[in-house]
Amino acid sequence: MHMQKYELMIILKPLLPEEIRKSVQEKIEKLVKKAKGNLLSQDLWGKRHLAYPIKKTEEGYYIVYKLELEPEFSDEFQHGLKLTNDILRFLLSKED
């Protein structure tokens, strides 16, 4: 099986304390490892205004990851992200 490159954008609740944000980032790293993947990079975009409110929230804290996953683990990985309360939205997209 070959690894597929992905970009993961997550939007966290904007008012999270720094230590909660860090714990969410650690959880994402653990999910990548559990899915036998590699974290290639992490880009903290910080707080941005949302295009439309999500759960009555106008802003979000953006983090963009580049990662490698084996395709059969991507569903399991996304399920783990859905169970993380502090994530407002995420988008996992394949890179060519």
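Inclusion of TYR65 among residues that are under 15 Å from PHE90 (Cα atoms), open to solvent by 30 Å² or more (accessible area, probe 1.4 Å), in a strand (DSSP E or B) and not hydrophobic (A, V, I, L, M, F, W, C) is not warranted. From the list GLU76, GLU72, the lone residue that is over 26 Å from GLU18 (Cβ atoms) and either in contact (Cβ under 8 Å) with a residue 60 or more places away in the chain or surrounded by fewer than 12 Cβ atoms within 10 Å (Cβ to Cβ) (or both) is GLU72.
Does segment 74-85 contain at least one residue that is among the β-branched types (Val, Ile, Thr) and either modelled with pLDDT of 95 or more or in contact with a Ser or Thr (Cβ under 7 Å, 6 or more places away or on another chain) (or both)? Taking every residue of segment 74-85 in turn, none turns out to be among the β-branched types (Val, Ile, Thr) and either modelled with pLDDT of 95 or more or in contact with a Ser or Thr (Cβ under 7 Å, 6 or more places away or on another chain) (or both).
Remark: pairs (first residue in segment 40-53, touching a residue at least 24 places away in the same chain (Cβ under 8 Å); second residue acidic (Asp, Glu) and surrounded by 10 or more Cβ atoms within 10 Å (Cβ to Cβ); Cβ separation under 8 Å; 6+ apart in sequence or on different chains) = LEU40/GLU68; LYS47/GLU59; LEU50/GLU58; LEU50/GLU59. Can we say PHE90 is hydrophobic (A, V, I, L, M, F, W, C), outside any loop (DSSP other than H, G, I, E, B) and at pLDDT below 95? Against the criterion (hydrophobic (A, V, I, L, M, F, W, C), outside any loop (DSSP other than H, G, I, E, B) and at pLDDT below 95), PHE90 does not qualify. Contact annotation: residue pairs with Cβ atoms under 7 Å, 6 or more positions apart or on different chains, pairing a residue in segment 1-30 that is in contact (Cβ under 8 Å) with a residue 60 or more places away in the chain with a partner that is open to solvent by 60 Å² or more (accessible area, probe 1.4 Å) and of a type outside the set (D, E, K, R), are MET9/LEU91.
The values are calculated or read from the model by the stated rules, or taken from the named source; none is laboratory data. Since the structure is predicted, the reported quantities are computational estimates derived from the model, not experimental observations. Backbone-built Cβ (ideal geometry, glycine too); neighbour counts: all protein chains shown. Please note that ligands, DNA and RNA were not included when accessible areas were found on the heavy atoms of the full protein model with its side chains. Shrake-Rupley method; radii C 1.70, N 1.55, O 1.52, S 1.80 Å.
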